[in-house]
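Here the structure is laid out as structure tokens; the discussion comes afterwards.
The numbers here are math on the coordinates, done by the rules we state, and not lab data. For clarity, every value in this text was computed on a predicted model and none was experimentally measured. Cβ: placed from backbone, ideal geometry, glycine included. Neighbour counts: every protein chain shown.
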Amino acid sequence: MGSKVLAVDMNLCTGCRSCELRCAFKHHQECNPSHSRLRVVKFDRSGIAVPLFCLQCEEAFCQEICPTKAIQRDTKTGALTLNENKCVRCRACTMACPFLGLQILSDRKVVKCDLCEGEPYCVKYCETGALKFIEAEDAGIQRAYPLAEKFARPYLKRE
Amino acid sequence: MAGYAGKMLKVNLDREEIVKEVTPTDLTEKYLGGAGLGAYLLYHHVPPEVKADSPENCVIVAAGPLSGTIMPCSGRLSVTVLSPVTGIFADSNSGGDFTPELKFAGYDLLMITGKAKRPVYLWIDGEKVELRDAKHLMGKDTWEVDELLRKELGDWRIKTALVGPAAQKGILYGCLVINKYRTCGKTGVGSALAQKNMLGIAVRGRKGISIHDPSSFEKQCDKILASMKSSAGYPSYSVLGTYGVSDVYQETGRMPWKNHQEAIVPQELFKNIGSDNFVKNFKVRDVACFNCPVHCSHWFEIKEGRYAGEKGEKPELVASMVAVLAGITDLGMICHYQNECNRYGIDMMECGNTLALAFEAYDRGLITLKETDGIPLEWGNIDSFEKVFEKIANFEGFGKVLGLGVKRTAEWIGKGAERFAIEVKGYGMSLVEIRNAPHWGLAFATASRGGDHLKALPFVVGNDLEMFRDLFGDQPPEELTSLLEINGKGKMVAWFENYNAAIDSLGLCKLAYKVGWIHPMDLAPALSSATGISYDFKKLLECGERICNVEKAFNARLGLTRKDDTVPVRFLEEPIAAGPRKGEHLGSVLPRMLDDYYEARGWDKETGLPTRAKLESLGLKEIADELESMGRLAKS
């Protein structure tokens, strides 16, 4: 099963929303961030932007609650994928998910991130590398270096 | 309709009536959108007898066909109006993400006319559009109103374009603030809306923009994206934004020190405001506009000193140049000034030019503490700068004069103050030395909205020789790209004005679409695959030329001629006092460059007026007829 996950470094996110645009374009061939499977929330009093996306839970609330078993695991990518043909658009999954991992489109269709068959478009077009597709074990540890650098700065300056 | 949203909104504030119309496709093919459609509509809806503060003035807020698409840097907004400051053609452009949201709501543009009987704001919620009471928003700063509106209307995703309290109180150079940190800065578009009793626009959209040929469009966008990111200027601009230019200005002697009396900042003071200090001690992270890989904005936080605790976005080159104009070199003050101008909705440039004039007038004894409300306007005095700025923000005391702009302030002061009013056609210039950069001087002289470098933005020096050879084969690129060579610069500036008019009309960011960053030939295929309308580069440039001619005709109709295509006396007659280009001034070269420019444009050299031949070649016979009947067409 796929071991890579989507991860984000908030210090690198510029809030450009290219990820939203490109996700929607890849899946629907139109320019519409409302049809994106990830959403960027900006805190403009602090200069921070936070992309929200499906975390592909190992034990997924959405999968458990779905009455038609429309949400299944793709064994290659590890992504939870939503089968449109089985979906009855009850939207229970969107209520169960704690992470805004599923969205409702304007025609009441429900969509979610499927990791683009293993090559996520959002990551491809994230200019700063804020969005990454990396081994799960590395997801947290990526922050170690820049974090440690902050502590080390007073000492580094003396060199 | 592909690319375009397909609908436009006509807002009549006299009757508080909103009408939806279909976006006219015959117009969009010739004028594209954005600034181009704005110019056309302003020409046809605001005849010369209409004054800027009359309800008949029309504010056009326009997106382009590529706004909100996956085309890189597709978030720009264009606003066109008869300027309350200059009384001539004006348009202003902003970054951010307002126009994409307007397109997602389903609209290409808004036309706002009339004057409301009560303070209102426009709320565009997809199909539902209404004017709402704005009394509770009056007097509040734009950051507060942005948050208030998003709360009141119940959606954090709403984008706002707001008129600040300074314009509401009466200053003429009020800007339009987009989501707190971006602005349509110049020419007083915010004040024009304030004069209509309209305090802003809030928009929220959920629709998509359909693309005619998605897979071809995607390829074109990817190509342009790759060429931007690999361009020579990208590494430094993506880290420093326009702020990095101040280092270049200091090196090449193009600083506006003390109202342009000198061209460099004393070196020991400069390091306070250099980009080094900014990156090390102020910048926290990069921020970007809509779909932009350049992220030229930065989030800053001030850790110590007078302004400790202050935070905000994107201190522009302009903010630091305003400080330099007043003889101030404090980076904290620069960041603070930027924030204040955004909060109060004040054009940083015009305010800076006006204050610098006041400081110089004070220094020369033309005004005293009596006129300045007891504030000593001494060069470098930050306390005084802050106090007098507050007067402008509240439009009170001396602020009631200063709030009218640099030209009117100079007239009010009299005693020869006009000689150091740094303005062209009634609007303050963009805070850069031009005596040692002739083609920039020409750009300022010819810009349709006055005092402006952005209409032409002729980045030629150090540019890509191969690309210049491709585009302008007839003259050696080494000559064209040399700073001091006069030959061919007239033609260059005309070409760049046409090119940038097209960019401003497509909804894209001209700072990222510079020649050399992208190859201009890549634009037309992208536009064609997005809209399904066939364009080649020649047709696109022709749209740009048509747009420039409409703007010129608008001003010609108001009586402007060659004598208005000039630069301030200081640059024409006073030689630069010190620095790398000591001794130069523009008086000897500007007339020659203007001749070349008019020739390249097909306009009359003696009068600077458009000719029938040129106007008809662009399909503007109606305009030629009208100008002729008014005696404003060049006699052939």
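Details
- Three principal axis extents of the stretch B:187-338 based on alpha-carbon atoms, in descending order, are 57, 46, 32 Å.
- Estimated inter-spin distance, B:VAL461 and A:ARG91, nm [label 7 Å along Cα→Cβ]: 5.9
- Compactness index (Cα Rg / 2.2 N^0.38 Å), the stretch B:438-629: 1.06
- Rounded to the nearest whole Hz, the Karplus-based 3J(HN,Hα) values (6.51 cos²θ - 1.76 cosθ + 1.60, θ = phi - 60°) of the stretch B:235-240 follow the sequence x, 7, 5, 6, 9, 9, with x at glycine and proline.
- Whole-angstrom gap from the stretch B:1-53 to the stretch A:42-59, using each part's C-alpha centre: 38
- Alpha carbon centroid spacing (whole Å) that separates the stretch B:212-287 from the stretch B:462-514: 19
- C-alpha long axis of helix A:18-28 to longest principal axis of chain A, angle in °: 20
- With R₀ fixed at 51 Å, the C-beta to C-beta distance from B:GLU418 to B:SER230 puts the FRET efficiency at about 0.60.
- Computed 3J(HN,Hα) for the stretch B:307-321, one whole-Hz value per residue from the Karplus formula 6.51 cos²θ - 1.76 cosθ + 1.60 where θ = phi - 60°, is 10, 3, x, 6, 9, x, 10, 6, x, 7, 3, 4, 4, 6, 5, glycine and proline marked x.
- Where N is the number of residues in the stretch B:7-204, Cα Rg divided by 2.2 N^0.38 Å: 0.92
- Over the stretch B:124-259, volume per residue of the alpha carbon convex hull, in Å³: 181
- Top positive-direction residue, dipole computed over the protein assembly as shown with Cβ charges, set B:SER74, B:GLY559, B:LEU402: B:SER74
- Its DSSP H runs of at least 4 residues, each contributing -39,500 (n - 2.57), put the calculated 222 nm mean residue ellipticity of the protein assembly as shown at -10500 deg cm²/dmol, to the nearest 500.
- Cα centre as origin, Lys/Arg/Asp/Glu Cβ charges: chain B dipole, Debye: 900
- Charged neighbours of B:GLU21, selected by a Cβ distance under 15 Å, balance to -1 (K, R count +1; D, E count -1).
- From phi via Karplus (6.51, -1.76, 1.60), per-residue ³J(HN,Hα) for the stretch B:592-602 in Hz, x at Gly/Pro: 5, 5, 4, 4, 4, 4, 5, 5, 4, 7, x
- Positive-end residue, chain A charge dipole about Cα centroid, Cβ charges, pick of A:GLN72, A:ALA96, A:ALA136: A:ALA96
- Inter-part distance where the stretch B:563-636 and the stretch A:93-156 are each reduced to a Cα centre, Å: 54
- Here the residues A:SER34, B:SER83, B:SER448, ranked from fewest to most Cβ neighbours within 10 Å of their Cβ, fall in the order A:SER34, B:SER448, B:SER83.
- In this simple spin-label model, placing a label point 7 Å from the Cα along the Cα-to-Cβ direction at both A:ILE65 and B:VAL569 gives a separation of 7.4 nm.
- Positive end of the dipole of chain B (Cβ unit charges, origin at the Cα centre): among B:VAL318, B:ILE392, B:MET492, the Cα lying farthest that way belongs to B:ILE392.
- Equivalent-ellipsoid semi-axes of the stretch B:372-459, from the Cα gyration tensor, Å, largest first: 28, 14, 13
- Dipole magnitude of the stretch B:7-204 about its Cα centre (Cβ charges: Lys, Arg +1; Asp, Glu -1), debye to nearest 20: 320
- Using distinct alpha-carbon pairs, which all enter the 1/r mean, Kirkwood radius of chain B in Å: 24.4
- Reference-scaled alpha-carbon Rg (2.2 N^0.38 Å with N residues) for the protein assembly as shown: 0.95
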